[in-house]
Every structure is written in C-alpha cells, then in structure tokens.
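In what follows, a structure is listed as structure tokens, so that the remarks can point back to it.
The values are calculated or read from the model by the stated rules, or taken from the named source; none is laboratory data. Treat the numbers as computed from the prediction; the structure is a model and nothing was measured. Please note that ligands, DNA and RNA were not included when accessible areas were found on the heavy atoms of the full protein model with its side chains. Shrake-Rupley method; radii C 1.70, N 1.55, O 1.52, S 1.80 Å.
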Amino acid sequence: QVQLVESGGGSVQAGGSLRLSCAASGTATDNNMSMAWFRQAPGKEREGVAAINRYQSTTYANFVKGRFTISKDNAKNTVHLEMNSLKPEDTATYYCAAQSTTILSLLRESYRDWGQGTQVTVSS
C-alpha cells in the first residue's frame, strides 16, 4: 500500500494562486506510479483534475486547462499541482491518488491509493 500525504491547501481570493503537494511513501511505491489530483465539492461527485506518469506525460480536465499545471518528481515520489487564476468554483477538497501503471486516467476507479485531502477555498 502507498501512503499519500497532501499539503498546501488554503484560502485565496479569486484570481489568486495556490500550490498543492503530495508525497508518496510505503513499500508499494514504484517508479511506474502514475499520480493524479481529484477534487470533491460538497454535494458533488469526486472528479479528476489532472494526472501525470513517470514519463511526465500529463492529462487535464477541460475545466482546468491553461490554469493548472501538474508536475512530478520521480526520485522523490512527489507530485505538485500549481493552480493559477483560481475561481470560486474551484473550491473543493483536493485529493492525491496513485496507481501502479503508466496509463494516464482521470477516472476515480483507476486509482488504488488515496490521500486524506486538503481544502481549497476560493472567495469572490
């Protein structure tokens, strides 16, 4: 099993920026891990935001393209999400996820391991 710990959430005004980080640890970590960020707003389904694999290939949800950037440090098994031009609708709990494959996915069922989440609040 992989343990995932997120950090970097907080409150920001619309148009501002935040950077989320997620550190992976545990005996199941491997160099082929793909990692992703999901988010869940109150009363809504958890949705994929961005994913990245060990080759630095990425995929993004349409609603964050051009605003968010995902990056991964393979040596440290960490993933970051740089969020710019934040909107009130970006308010949610953001979760880090990992899977032992290089296939990129924004589907919740693709991921085996999950972090506890970090809150992001964007005020208008």
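General observations
- C-alpha center-to-center spacing [the range 35-51, the range 67-110] in angstrom: 9
- Heavy-atom surface of the chain, accessible at 1.4 Å and reported per residue (Å²): 49
- Across the chain, C-alpha contacts under 8 Å between residues 6 or more apart give a mean separation that, scaled by the residue count, equals a relative contact order of 36 percent.
- Relative contact order of the range 1-51, defined on C-alpha pairs under 8 angstrom at six or more residues apart (%): 30
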